[in-house]
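These notes are about the structure you will find just below.
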Amino acid sequence: MSVPQSSPSGSKAGSLSVQHLRKSFGGVKAVDGVTFEIAPGEVAALIGPNGAGKSTLFNLIDGQLVPDGGRVLFDGQPLGGIAAARRARFGIGRTFQVAQIFGTMTALQNLQLALVAAAGETLGVKDLLWNLHADTAHALLAQVGLQSRASSAAANLAYGDAKRLELALALAARPRLLLMDEPTAGMAPEERQALMQLVVGIASVGNMAVLFTEHSMDVVFGFARRVLVLSQGRLIADCLPQAVRANADVQRVYLGDAE
């Protein structure tokens, strides 16, 4: 299947549609009939207790897991049967709770490698990575505030800087939808605020949709314009942040313990 060059009639470029998605592991319904849509430029949070199905849902959207039922569409295009690596070429990016970076490479080299992959290029034995995409890599580092750490080994970066580098790696493929799995986990409050301000700014300028999971309610209610709540694999709320705070079901299964 080729990467679509334009959106089908009636769909918006960068729109995500999850329809009646289901996934079970043995007798456990990890995702149970979940349906929602994310529009271009929208920043939405996905919250819920541990074991609610958030990571499973992300893995279904980005192709790491195959659903038992339902489907995922991007730009109106069904993604069934398309592997995770190919979904990235459709414009779906992903960051993880633990930053996925190459510790022995510099921050700049990490990005150069990501740009090579995004361009569908291959490296021969005689190719020198540091000759490739250097200007674009430096620009991405500047975008996330890491220009001064370009020559630092990724393993030596502070935790917050490693998360910024992972964000830059995801941006290297120019995603129109970014999935972020607990992007601020382990960060100090000021680091959480700075990272999410960066993400929201990038989403606004680039009309990029963002769906993130998060346990820090200051991040959820400070930066999400919409909140989706999972409980035991089912979507129990999908509304504005202020409405989620007042939702009795959400208070009962999650916020009552989280705050």
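The values are calculated or read from the model by the stated rules, or taken from the named source; none is laboratory data. As the structure is a computational prediction, the values presented were derived from the model and not from experiment. Here Cβ is always computed from backbone atoms with ideal geometry, including for glycine, and neighbour counts include all displayed protein chains.
Kindly establish whether Val72 is modelled with pLDDT under 90 and within 26 Å of Ile202 (Cα to Cα).
no
Taking the condition of being in contact (Cβ under 8 Å) with a residue 60 or more places away in the chain, under 25 Å from Val116 (Cβ atoms) and touching an Asp or Glu at 6+ places or on another chain (Cβ under 9 Å), how many residues in the stretch 59-100 meet it?
Number of matching residues: 10.
Going through Ala168, Ala158 one at a time, which residue ends up being touching a helix residue (DSSP H, G or I) at 6+ places or on another chain (Cβ under 7 Å) and closer than 26 Å to Thr104 by Cβ?
Ala168
Step by step: first the residues of the stretch 213-228, then only those that are of a type outside the set (Ser, Thr, Tyr) and touching a Leu at 6+ places or on another chain (Cβ under 7 Å), then the one that is surrounded by the fewest Cβ atoms within 10 Å (Cβ to Cβ). Which residue is that?
Only one residue fits best here, namely Arg226.
Give me a count of the residues in the stretch 66-96 that are in contact with a Ser or Thr (Cβ under 9 Å, 6 or more places away or on another chain) and of a type in the set (Lys, Arg). Steps first, answer last, please.
Step one: of the stretch 66-96, the residues in contact with a Ser or Thr (Cβ under 9 Å, 6 or more places away or on another chain) are 68, 70-77.
With the extra rule that they be of a type in the set (Lys, Arg), the set shrinks to 71.
Of the residues in the stretch 66-96, 1 are in contact with a Ser or Thr (Cβ under 9 Å, 6 or more places away or on another chain) and of a type in the set (Lys, Arg).
Got a sec? Which of Ala168, Ala203, Ala155, Ala185 is surrounded by fewer than 16 Cβ atoms within 10 Å (Cβ to Cβ) and hydrophobic (A, V, I, L, M, F, W, C)?
Only one candidate qualifies: Ala155.
Go through the stretch 74-100 and give me each residue that's farther than 24 Å from Glu121 by Cα and of a type in the set (Val, Ile, Thr).
Passing the criteria: only Val98.
If the requirement is being on the phi > 0 side of the Ramachandran plot and modelled with pLDDT under 95, which of these qualifies: Gly160, Gly145?
Of Gly160, Gly145, the one residue that is on the phi > 0 side of the Ramachandran plot and modelled with pLDDT under 95 is Gly145.
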